[in-house]
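Input: a single structure, listed below in structure tokens.
The values are calculated or read from the model by the stated rules, or taken from the named source; none is laboratory data. Here the structure is a predicted model, which means the values were calculated and not measured. Reconstructed Cβ throughout: ideal geometry from the backbone, glycine too, with neighbour counts over all protein chains shown. Keep in mind that these areas ignore ligands, DNA and RNA; they rest on the heavy atoms of the full protein, side chains included. Shrake-Rupley method; radii C 1.70, N 1.55, O 1.52, S 1.80 Å.
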Amino acid sequence: MHDMLPTVLFAAPIFFLAGFVKGVIGLGLPTVAIGLLVLAMSPAEAAALLIAPSIVTNVWQMLAGGEF
């Protein structure tokens, strides 16, 4: 568990920044997040971290659309 703490402390602000960019211009969360995450980890690890937020936001948008 303590192994994950530095990763979480590094990744959380990056996801908030990427979410802000997505909110302002409507796209770019994966682009911004991958670009910043690879500063501290491999691209494969960064891509793996993007799976959960991408699925959650896609399901949220699907449900908010009103028509399944």
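Can residue 21 be described as open to solvent by less than 60 Å² (accessible area, probe 1.4 Å) and either in a helix (DSSP H, G or I) or touching a residue at least 60 places away in the same chain (Cβ under 8 Å) (or both)? First the steps, then the outcome.
Working: open to solvent by less than 60 Å² (accessible area, probe 1.4 Å): yes; either in a helix (DSSP H, G or I) or touching a residue at least 60 places away in the same chain (Cβ under 8 Å) (or both): yes.
Against the criterion (open to solvent by less than 60 Å² (accessible area, probe 1.4 Å) and either in a helix (DSSP H, G or I) or touching a residue at least 60 places away in the same chain (Cβ under 8 Å) (or both)), residue 21 qualifies.
For residue 9, which of the numbered conditions (1) more than 12 Å from the chain's Cα centre (by Cα); (2) hydrophobic (A, V, I, L, M, F, W, C); (3) open to solvent by less than 60 Å² (accessible area, probe 1.4 Å) fails to hold?
Result: residue 9 passes all but (3).
So for region 40-47 (the condition being part of a helix (DSSP H, G or I), touching a residue at least 24 places away in the same chain (Cβ under 8 Å) and under 10 Å from the mean Cα position of the chain (by Cα)), does at least one residue qualify? Lay out the reasoning, then the answer.
Taking region 40-47 as the starting set, the residues that turn out to be part of a helix (DSSP H, G or I) are 43-47.
If we keep only those that are touching a residue at least 24 places away in the same chain (Cβ under 8 Å) as well, we get none.
No; the residues of region 40-47 include none that is part of a helix (DSSP H, G or I), touching a residue at least 24 places away in the same chain (Cβ under 8 Å) and under 10 Å from the mean Cα position of the chain (by Cα).
Suppose we keep only residues that are over 9 Å from the mean Cα position of the chain (by Cα) and small (Gly, Ala, Ser) within region 14-39. Which one would you say is farthest from residue 4 (Cα to Cα)?
So the residue we want is 26.
State the number of residues belonging to region 48-68 that are open to solvent by less than 80 Å² (accessible area, probe 1.4 Å) and either in contact (Cβ under 8 Å) with a residue 60 or more places away in the chain or part of a loop (DSSP other than H, G, I, E, B) (or both).
Qualifying residue count for the region: 2.
May I ask you to verify whether residue 32 is modelled with pLDDT of 90 or more, open to solvent by less than 50 Å² (accessible area, probe 1.4 Å) and assigned to a helix (DSSP H, G or I)?
Values: modelled with pLDDT of 90 or more: yes; open to solvent by less than 50 Å² (accessible area, probe 1.4 Å): yes; assigned to a helix (DSSP H, G or I): yes.
Spelling it out, residue 32 is indeed modelled with pLDDT of 90 or more, open to solvent by less than 50 Å² (accessible area, probe 1.4 Å) and assigned to a helix (DSSP H, G or I).
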